[in-house]
Amino acid sequence: TDLSRIRNFSIIAHIDHGKSTLADRFIQTCGGLSDREMAEQVLDSMDLERERGITIKAQSVTLNYTAKDGIEYKLNFIDTPGHVDFSYEVSRSLYACEGALLVVDAGQGVEAQSVANCYTAIEQGLEVVPVLNKMDLPQAEPERVAQEIEDIIGIEAADAVRCSAKSGLGVEDVLEDLIKRIPPPSGDVDGPLKALIIDSWFDNYLGVVSLVRVTQGSLKKGDKIVIKSTGRAWNADRVGIFTPKLTDTGVLGTGDVGFVVAGIKDIHGAPVGDTIVHQKGAEEAKALPGFQKVKPQVYAGLFPIRSDDYDDFRDALEKLTLNDASLFYEPENSDALGFGFRCGFLGMLHMEIIQERLEREYNLELITTAPTVIYEVLTTRGETVSVDNPSRLPDIGSIEEMREPIVEANILVPQEHLGNVIALCEDKRGIQKNMHFLSTQVQLTYELPMAEVVMDFFDRIKSASRGFASLDYHFVRFQPANLVRLDVLINGERVDALALILHKDQAHYRGRALVEKMKELIPRQMFDIAIQAAIGNQVVSRVTVKALRKNVTAKCYGGDVSRKKKLLQKQKEGKKRMKQLGNVEVPQDAFLAVLKVD
Ligand code: GDP
Ligand code: MG
């Protein structure tokens, strides 16, 4: 192997700055796929990713590129997700690379997510190569944006390549530039095998497929290998690369990125961050430093509407975790909703995606309860317990102290929207830590309660800045806070699935807003429905959904059959997502009402 002809790099960028489009251009330029195969955005393969136009899983591609110096280089690149929920995928793929291509939309400028990812890349010792994309747009301002990259990220960007992933302009220059600037991999070519597992997923035909980076020695088809942390031995049945199609090559040398299939049936048998070695000498071999394990940040209860679906639901979750080790679940039993699962997600987008997949791919109808972060409770007996479910909060008398998770949020916002964004942060109980004026943008650092940030902060910051502000955040610590549990009672019955943990100062106001919202969402029925919000035994708010007087359809204009049919149809559809609580029918929306109040 000639390591000097290999380049391994990731593409990092904020959502929509053109990573996937540029990646597709690279594939096209290097002839990885025929035009017919070159369906739009080949790298965003999962249906959901394509529909939402986002990348969830990191994807790798190996390409051969003959540079202007006449030498053929092997380029391994990894396209990474841009959303904050999936930033752990980014840092993982960076481990496999010597460089990172920073794609910045020349019409937009630097955004918070790319700053965070760049810092991670720089910390890991990667060479960061900036490129200015979307140069075909009339609003492109390459000089301003290059200056911004220098100011905010601190890397040289004056002669960053200007390109358009859309038109193809400058794309070859990008490839030339990264060959020049990104160092080739290093490693002992003849040493004993060491390969880092960057990602593992379950394929229905192949079983577990692992994406690996060989850091030392080589991995050949037929080799007896051991997964270090499990100590189990396997046979490397298939070894190869993605072009982006899975292609057998029979060998991966030092510095290569590719796949191995070894008859493993369960992804826990090939954990991400683990090391693959040869069976001979496996005991003595030292594992490579792995990755930090990701922890879910948002929890919610998911319950099948029909209790018959419980087993299917469990099977579906089991299957989903085969490909998504960050999804957590455990059985939950609710008085109101019956048997279901408490699930842990990386963030709200992750939660929405899982919910959507369960419904679409597994045909399940589910009720989701209000998402919550994890709280820490110090009990009077001196124990510290984690609470991921408000209805499981220990008895108020046995609580010594409650602590909420705090995040550090980094925000980039154009100066004209600064006031709005600061007002929003203050409103969300934020503490300003830093404010830094750059040429046109302001870099803000705030500490905020995670509960305020994970829910709808992202959308709010976008609307407070007409779409221009961007946000990145990470957990910093648990901090004592004055928190209470707010219960919701329907016709006098406490509904465990509707309980919330709130800041005491906001509990009255939010309790009122919540019951008002629920009143709008719960359809009128044949009897009055009382909805109450209570803290302990104290009712803080009460509303009544008045009983229906007449049949709804009586309201229709005389004899308009089609309209009547439509109305009945609409009611039926609405019903699909209803859950019977006692004798009251409660729609899905009402369980998530808290997300709809300010
Ligand atoms: P990603 O989220 O960073 O992967 O971004 P995508 O590659 O999905 O691109 C986001 C949007 O920008 C898509 O609608 C692309 O067609 C568009 N886009 C990407 N590159 C360019 C470009 O160079 N010029 C223009 N005008 N649009 C682009
Ligand atoms: Mg993408």
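Structure summary
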{"quantity": "Breaking point among (1) free of Cβ contacts under 8 Å to residues at least 40 places away in the same chain; (2) open to solvent by less than 30 Å² (accessible area, probe 1.4 Å), for residue 504", "calculated": "(2)"}
{"quantity": "Close pairs from the stretch 434-446: first without any contact (Cβ under 8 Å) to a residue 12 or more places away in the chain, partner among the aliphatic types (A, V, I, L, M) and surrounded by 15 or more Cβ atoms within 10 Å (Cβ to Cβ), Cβ under 6 Å, at least 6 apart", "calculated": "435/444"}
{"quantity": "Residue tally, condition surrounded by 17 or more Cβ atoms within 10 Å (Cβ to Cβ) and under 24 Å from the mean Cα position of the chain (by Cα), over the stretch 265-290", "calculated": "8"}
{"quantity": "Given (1) over 14 Å from residue 165 (Cβ atoms); (2) more than 10 Å from ligand 2 (Cβ to nearest atom); (3) modelled with pLDDT of 65 or more, number of the condition residue 15 does not satisfy", "calculated": "(2)"}
{"quantity": "Residue within the stretch 462-475 that is closer than 17 Å to residue 391 by Cα, among the small types (Gly, Ala, Ser) and touching a helix residue (DSSP H, G or I) at 6+ places or on another chain (Cβ under 8 Å) present", "calculated": "no"}
{"quantity": "Number of the exception - residue 317 against (1) closer than 26 Å to residue 209 by Cβ; (2) out of contact with any strand residue (DSSP E or B) (no Cβ under 6 Å at 6 or more places or on another chain); (3) open to solvent by less than 40 Å² (accessible area, probe 1.4 Å)", "calculated": "(2)"}
{"quantity": "Subset of the stretch 97-124 (residues that are away from ligand 1 (no atom under 14 Å from the Cβ) and either basic (Lys, Arg) or free of Cβ contacts under 8 Å to residues at least 40 places away in the same chain (or both))", "calculated": "119, 120, 122, 123, 124"}
{"quantity": "From 80, 55, 66, 62, residue being modelled with pLDDT of 85 or more and either within 16 Å of ligand 1 (Cβ to nearest atom) or open to solvent by less than 30 Å² (accessible area, probe 1.4 Å) (or both)", "calculated": "62"}
{"quantity": "Contacts under 8 angstrom Cβ, first residue in the stretch 295-307 being closer than 15 Å to residue 332 by Cβ and open to solvent by 10 Å² or more (accessible area, probe 1.4 Å), partner hydroxyl-bearing (Ser, Thr, Tyr) and at pLDDT 90 or above, 6 or more apart", "calculated": "299/372"}
{"quantity": "Among residues of the stretch 155-169, those that are within 9 Å of ligand 1 (Cβ to nearest atom) and either without any contact (Cβ under 8 Å) to a residue 40 or more places away in the chain or in contact with a Ser or Thr (Cβ under 7 Å, 6 or more places away or on another chain) (or both), counted", "calculated": "5"}
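The values are calculated or read from the model by the stated rules, or taken from the named source; none is laboratory data. Given the structure is predicted, the values throughout are model-derived calculations rather than measurements. When we count neighbours, we look across all protein chains shown, and the Cβ atoms used for this are built from the backbone with ideal geometry, even at glycine. Heads up: the accessible areas ignore ligands, DNA and RNA and are worked out on the full protein's heavy atoms, side chains in. Shrake-Rupley method; radii C 1.70, N 1.55, O 1.52, S 1.80 Å.
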